[in-house]
1. Name every residue in region 56-83 that is without any contact (Cβ under 8 Å) to a residue 40 or more places away in the chain, open to solvent by 20 Å² or more (accessible area, probe 1.4 Å) and of a type in the set (Val, Ile, Thr), in order of residue number.
2. Kindly indicate whether any position in region 46-54 is touching a Pro at 6+ places or on another chain (Cβ under 7 Å) and at pLDDT 95 or above.
3. Being in contact (Cβ under 8 Å) with a residue 40 or more places away in the chain and open to solvent by 50 Å² or more (accessible area, probe 1.4 Å) narrows it down to one of 138, 128, so name that one.
4. In region 197-207, what residues are closer than 12 Å to residue 184 by Cβ and either among the charged types (D, E, K, R) or out of contact with any helix residue (DSSP H, G or I) (no Cβ under 7 Å at 6 or more places or on another chain) (or both)?
5. Pairs only if they're at least six apart or on different chains, beta carbon under 6 angstrom, first in region 31-55 and under 19 Å from residue 132 (Cα atoms), second in a helix (DSSP H, G or I) and open to solvent by 20 Å² or more (accessible area, probe 1.4 Å); list them, first residue then second.
6. Within region 189-219, which residues are of a type in the set (A, V, I, L, M, F, W, C) and either at pLDDT below 95 or part of a loop (DSSP other than H, G, I, E, B) (or both)?
7. Please find, among 313, 322, the residue that is among the hydroxyl-bearing types (Ser, Thr, Tyr) and open to solvent by 50 Å² or more (accessible area, probe 1.4 Å).
8. Against the condition more than 30 Å from residue 147 (Cβ to Cβ), exposed (fewer than 15 other Cβ atoms within 10 Å of the Cβ), touching a residue at least 60 places away in the same chain (Cβ under 8 Å) and among the hydroxyl-bearing types (Ser, Thr, Tyr), how does residue 17 come out, does it pass?
Amino acid sequence: MASSDDGRQCADAAGKSAIIEADLDALPTAIQRLDVAALLAIAATVHELSGLPPDTVRTADQIAEAMGTAARHRWIVRYWLELLTAEQLLVRDDDRRYQDLRPTTQHERAAADAALDSAGTALGYTAELTRFFRTANENLPGLLRDDVLPQALLFPGGDITTALSFYQDNTVSRYLNAAVAEVVRHTAEERTGALQVLELGAGVGGTTAAVLASLADRKVNYSFTDVSRFFLNIGRERFGGHPGLRYVLVDINGELPGQGIPAGKTDVVIAANVIHNAHHVGRMMANLRRLLAPDGLLVIVELCREYHQGMTSVRFLASPPSGQPRVDRTDIRAEDDRILLTRQEWLDQLLAAGLQPLFDLPYPDDKPLAALAQHLFVATPATFERSNS
């Protein structure tokens, strides 16, 4: 891009124009209300299933066992127990044993649930997405035991409406998708010939739609990729035979380059809400660096703080198949039960992989949006950045 400052300003302006009618000041309170409802649902589920009476001390494994938790979801119970401790609803001793879970009342759970609709509206959620979070809260025992699959809640009957609301049709997603699209559009203006774009983990195409719209008058070779044929079929249904668009099965945890992706040829790699699914984030970043042209751009969207609501719903999708590890033992997240990296950790991982961060959004002082902790990161191979600094 012409300069980091220009790119940041253009991307931010495009994002803001996409949410011009939103009440941004209402966002932090709204997300907090969803978190409260999820926290109370977690507390009630642990209390109901674990049979943890007052003055009884148990380890996380003992509690997970008592709750009937599927082995692949036990990391979620461990995370919940730490969350309840942090929120002062549970006591943990120095030996990491838990006791004295504060019971929640039906009145406070009902009040939190009643606030979901207004909170969802403030965040720009559709009714389907708010219903998804409520249904997930109500089905935590079944989710823990694998009696209820999270895919069935997020894609009821194969319908993608709820998922589109999660990744496309809400305030923060509209802001970030528009910002990504502006970065790609600006890059296309600086290139001669067809722009080479690779989108990893494109899913339901929430980011894809914004980017393709921004490139309507540009020649582009665009690879829509995902690990699942289900999502490739969704891409075909949504975008059909868009000129220059191809659909490719790609496993982000497989070898990159490879899988039909050449090394050193891609102008823009887009990865929206996908790299946190890598078994090893650092290795994944290094692989992405190898895909980029010398002056290419890596464009990432990632949530940098876990919402309680996520830990009662979509994070069940992150549980590995039975008997497989969730992350590599040398990954930055291996020491604790988390999925996400902080903003600073993402910046550090980019640098460690030989990528120079150009900018990230939203601005730190953009309080309403920054409070949601979902960020766009734009980076380029470090050698190219140094040659132009």
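1. 59
2. Pass one, region 46-54, residues touching a Pro at 6+ places or on another chain (Cβ under 7 Å): 47, 49.
Cutting the leftovers down to at pLDDT 95 or above gives us none.
Within region 46-54 (the criterion being touching a Pro at 6+ places or on another chain (Cβ under 7 Å) and at pLDDT 95 or above), the answer is no, since none of the residues qualifies.
3. Working: 128 fails: in contact (Cβ under 8 Å) with a residue 40 or more places away in the chain.
So the residue among 138, 128 that is in contact (Cβ under 8 Å) with a residue 40 or more places away in the chain and open to solvent by 50 Å² or more (accessible area, probe 1.4 Å) is 138.
4. The first filter runs over region 197-207 and keeps only residues closer than 12 Å to residue 184 by Cβ, leaving 197-199, 207.
Residue satisfying the conditions is 199 alone.
5. 37/113; 40/109; 41/137
6. Here is the first cut: in region 189-219, the residues of a type in the set (A, V, I, L, M, F, W, C) are 194-195, 197-198, 200, 202, 204, 209-213, 215-216.
Of everything in region 189-219, those that are of a type in the set (A, V, I, L, M, F, W, C) and either at pLDDT below 95 or part of a loop (DSSP other than H, G, I, E, B) (or both) turn out to be 194, 202, 204, 215, 216.
7. Values: 313 fails: open to solvent by 50 Å² or more (accessible area, probe 1.4 Å).
Exactly one residue qualifies, and that residue is 322.
8. On the way: more than 30 Å from residue 147 (Cβ to Cβ): yes; exposed (fewer than 15 other Cβ atoms within 10 Å of the Cβ): yes; touching a residue at least 60 places away in the same chain (Cβ under 8 Å): yes; among the hydroxyl-bearing types (Ser, Thr, Tyr): yes.
Answer is yes for this residue.
The values are calculated or read from the model by the stated rules, or taken from the named source; none is laboratory data. All values reported here derive from a predicted model rather than from experimental measurement. Glycine gets a Cβ as well: all are built from the backbone with ideal geometry, and neighbour counts include every protein chain shown. To get the accessible areas, we keep the full protein, side chains included, count just its heavy atoms, and leave off ligands, DNA and RNA. Shrake-Rupley method; radii C 1.70, N 1.55, O 1.52, S 1.80 Å.
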